[in-house]
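Below you'll find the structure, written out as structure tokens, and then a few comments.
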Amino acid sequence: MNISSCLIVKNEADNIVRSLESIKKIADEIIVVDTGSTDNTVEIAQSFGAKVFFYEWDNNFSNAKNFALDKATGDWIIFLDADEYFGDNAKKKLRFVLKH
């Protein structure tokens with residue numbers, strides 16, 4: 001069972017580190033779709049091993065989400081905002097729940 005985590009971001013350098021730190025403990029793959037950041041969001045994501053893709057924002061979140069889904073390869077896909085994160089016990093609990 002592989003888990004992909006997807007984030008759609010723009011200028012989230014102040015928030016994304018905590019999110020990525022929690023995701024790297026859970027996900028087998030991290031997909032970050034950047035919609036035009038001008039800060040160092042992309043560099044931070046890359047430093048966590050995320051696969052970063054660029055999407056020109058068209059004021060349609062569902063299009064950006066579908067773009068991210070097309071890039072993900074996991075059996076399960078988690079979407080988080082850059083200011084959301086998992087607690088320390090999430091990996092064990094999440095994989096248990098997904099298996100049952």
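The values are calculated or read from the model by the stated rules, or taken from the named source; none is laboratory data. Note that this is a predicted model, so its numbers are computed, not measured. Every residue, glycine among them, receives a Cβ derived from its backbone with ideal geometry; neighbour counts consider all protein chains shown. Areas reflect the complete protein model, heavy atoms only, side chains present, ligands, DNA and RNA absent. Shrake-Rupley method; radii C 1.70, N 1.55, O 1.52, S 1.80 Å.
Odds and ends about this structure:
- Number of positions in the stretch 39-67 that are open to solvent by less than 90 Å² (accessible area, probe 1.4 Å) and under 13 Å from the mean Cα position of the chain (by Cα): 12
- Filtering the stretch 23-38 to residues that are of a type in the set (D, E, K, R) and open to solvent by 60 Å² or more (accessible area, probe 1.4 Å) leaves K24, K25, D28.
- Cβ-Cβ distances below 9 Å connect the following pairs, each with a first residue in the stretch 38-51 that is without any contact (Cβ under 8 Å) to a residue 24 or more places away in the chain, a second residue that is open to solvent by 60 Å² or more (accessible area, probe 1.4 Å), and a separation of six or more residues or different chains: V42/F54; K51/K71.
- In the stretch 1-21, residue farthest from K91 (Cα to Cα) [restricted to those that are touching a residue at least 40 places away in the same chain (Cβ under 8 Å) and open to solvent by 10 Å² or more (accessible area, probe 1.4 Å)]: K10
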